[in-house]
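The values are calculated or read from the model by the stated rules, or taken from the named source; none is laboratory data. Not measured: the values here are computed from a predicted model. So basically every Cβ, Gly included, is an ideal-geometry build from the backbone, and we count neighbours across all protein chains shown. Side chains are part of the model used for accessible areas, which takes the heavy atoms of the whole protein and leaves out ligands, DNA and RNA. Shrake-Rupley method; radii C 1.70, N 1.55, O 1.52, S 1.80 Å.
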Amino acid sequence: MAELAEKESKKKGKKKRRKKMSTRVDMTPMVDLGFLLITFFMLTTTFSKPQTMEINLPVKPKGEVVEEQENALKASKAFNIIVDGENRLFWYLGLPHEPLEPLTETNYTADGIRKVLLEKNSSIQDMVVLIKATDAAVYKNVVDILDEMNISNIKRYALIDITPDDLEELKNLKQGE
Amino acid sequence: MPKVKVARKSTAIDMTAMCDVAFLLLTFFMMTTEFRGDESVIVDTPSSISEIKLPETDILNVTISSDGKVFFNIDNKNFTRERLLERISEKYPELQFTPEEERAFVLTGTIGVPLAELKGYLGLEENERKMYSQPGIPVDSTNNELGIWIMQGRLSNPNARITIKGDQACPWPVVKKVMDTFQDKNVNKFNLITDLELDPNKLKGL
């Protein structure tokens, strides 16, 4: 309508001339929308992929005999860690009934188990760490110990069931407190 | 003295450049974003110094919540979940699923119900399913359904990596049972999902 009126008013005048229109478009709403969507995607996106720790368990032996042989082999080189509930941690060297070094309590700090591990790892050749967790232990404790293996760069370790002997020793130690 | 006249300037700013940047970022975020499936359990994972990243697909995940419930999840790359459900109903002829239930299984994330309750669980409305507190998959030695899920999950996607996502506070015996189940099914290599923690050895180097 506006255009029509314009035409008529200029009819008798000079040559018809098109009004120069600006080519600029108001981008503000578009930018608004753009940033709205950006914020949405930025808030919903997850950049951090989860970290993982790899674990290899031994193939389950089919007989009991194998286990005894293993124990006999390891006796002098076995470093045992017992993970207990209430964030308590114990270690001993050797076999449960005849330990080379008796059951000792330690903790999860750098001066605790890490120091012992580093010491023993340098003094004992081919040391094998046996990690045993009692039923009271929580998952975090065990992961912490597995992590400790990575930190101290110990390649030979095993996650095994706790034996009745170990539990007995642990009970005795706790009673003595 | 003549008055100094301030030239009146237009307040309009050229928005084109800003618009370009905005849309560039927008496309970037749209391309990289990946929507998370709904997770019915909240798990606070322990931390470790390990820096291995997990891929996003080919994952068979066993989640253990802080109260010791076990959940199973597998991603749906190449229709793994459809095949998994088919295998389950092949193995258990009493468990037959309608197409609606099948779709519900594909869309739902973590499964934490015994097989006997699976049909009922999938039959729920989507909202109800989210609200439903799942009892967890049985892992007892007499009734180890997790073993079935792992077996069938591995058959459905042989390339799947097996991961355990455990809560910090979950009791060790449950994790032990899950690991024993893995060993029974000849899964001797698996990953534990952890948060990142600073490596003290690297700290020394700084």
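Here are some residues: A:L89, A:L130, A:L103. Which one is closer than 28 Å to B:K177 by Cα, surrounded by 14 or more Cβ atoms within 10 Å (Cβ to Cβ) and more than 28 Å from the chain's Cα centre (by Cα)?
A:L103
Could you run through the range A:66-86 and say how many residues are open to solvent by 80 Å² or more (accessible area, probe 1.4 Å), at pLDDT below 80 and of a type in the set (D, E, K, R)?
Looking only at that region, the number is 3.
Within the range B:149-168, which residues are closer than 13 Å to B:T63 by Cα, outside any helix (DSSP H, G or I) and of a type in the set (A, V, I, L, M, F, W, C)?
Those that are closer than 13 Å to B:T63 by Cα, outside any helix (DSSP H, G or I) and of a type in the set (A, V, I, L, M, F, W, C): B:I162, B:I164.
Pick from the range B:181-199 the residues that are of a type in the set (A, V, I, L, M) and either surrounded by 16 or more Cβ atoms within 10 Å (Cβ to Cβ) or in a loop (DSSP other than H, G, I, E, B) (or both): which of them is farthest from the other protein chains (Cβ to nearest Cβ)?
Checked the range B:181-199; the qualifying residue farthest from the other protein chains (Cβ to nearest Cβ) is B:L198.
Going residue by residue through the range B:40-51, is there one that turns out to be within 12 Å of another protein chain (Cβ to nearest Cβ) and assigned to a helix (DSSP H, G or I)?
No: zero hits.
Quick check on this structure: which one of B:E100, B:E56, B:E94 is part of a helix (DSSP H, G or I), loosely packed, with under 13 Cβ neighbours inside 10 Å and either charged (D, E, K, R) or in contact with a His (Cβ under 7 Å, 6 or more places away or on another chain) (or both)?
From the options B:E100, B:E56, B:E94, the qualifying one is B:E100.
Being more than 23 Å from the chain's Cα centre (by Cα) and outside any helix (DSSP H, G or I) is the filter here; which residues of the range A:108-127 pass it?
A:I124, A:Q125, A:D126, A:M127
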